[in-house]
Amino acid sequence: MNDWLRQTATQHAQQNLTRTYVAVDDGEPARLLGYYALAATRLLFAGISERRAGQDVSAVLLTRLAVDRHVVRQGLGGYLLRHALHVVRDASLRTDVQCVLANATSSSAADFYQHFGFEALATDRRRLILPMRSMDAVCQHVRGFEPI
């Protein structure tokens with residue numbers, strides 16, 4: 001988790017490729033608990049919708065979401081995802097964003113995203129999408145969601 005932040009996150013930020021958000025322990029600010037990173041991207045609708053086949057749409061890619069192994073299953077991953085969705089929803093009010101994409105690194109990660117309303121793409125079960133038109137409904141049903 002820390003290696004990616006040290007080696008990649010700073011370079012990506014300097015090159016305007018991603019924005020990374022971190023969660024730290026309030027009592028121990030030097031202790032990193034988790035993070036997520038977002039990047040602008042485009043999604044080609046080939047195979048997703050016959051009506052829009054061949055078109056691409058603007059999207060935000062959740063490039064990374066990680067939680068320290070000592071705090072797994074304590075709700076921080078869900079909190080970070082809700083925070084990311086809030087950041088994307090806020091950006092969508094200012095610019096054209098059609099959906100959020102996530103690339104799950106495992107089937108349990110895919111299950112995590114699906115719990116929050118993401119749907120797997122037919123062409124790749126570990127690539128998930130959450131359309132912006134679904135985000136408000138999803139966020140209303142996610143316990144504890146409020147603007148951060």
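Applying 0.36 nm per residue to the separation of Thr41 and His70 and subtracting their alpha-carbon distance, the gain on full extension is 7.2 nm. The calculated FRET efficiency for Asp136 paired with Thr8, based on their beta-carbon distance and R0 = 30 Å, is about 0.40.
The amide H of Arg31, built 1.01 Å from its N in the peptide plane, has Asp25 as neighbours under 5 Å, considering only residues 5 or more places off or on other chains. The 3J(HN,Hα) values that the Karplus relation (6.51, -1.76, 1.60; θ = phi - 60°) gives for the stretch 61-78 are, in residue order, 9, 7, 6, 8, 8, 9, 10, 4, 4, 6, 10, 4, 6, 10, x, 5, x, x Hz. Gly and Pro appear as x. Put simply, the amide H of Asp68, placed in the peptide plane, has neighbours under 5 Å in Gly34, leaving out anything fewer than 5 places away on its chain. Projecting the Cα positions of Leu61, Val88, Gln14 onto the charge dipole of the stretch 2-141 (unit charges on Cβ atoms of Lys, Arg, Asp and Glu, taken about the Cα centre) puts Leu61 furthest along the positive direction.
Laboratory data are not the source of any read-out in this text; all were calculated from the coordinates shown. This is a predicted model, so every value here is computed, not measured. Note that we place each Cβ from the backbone using ideal geometry, even for glycine, and neighbour counts take in every protein chain shown.
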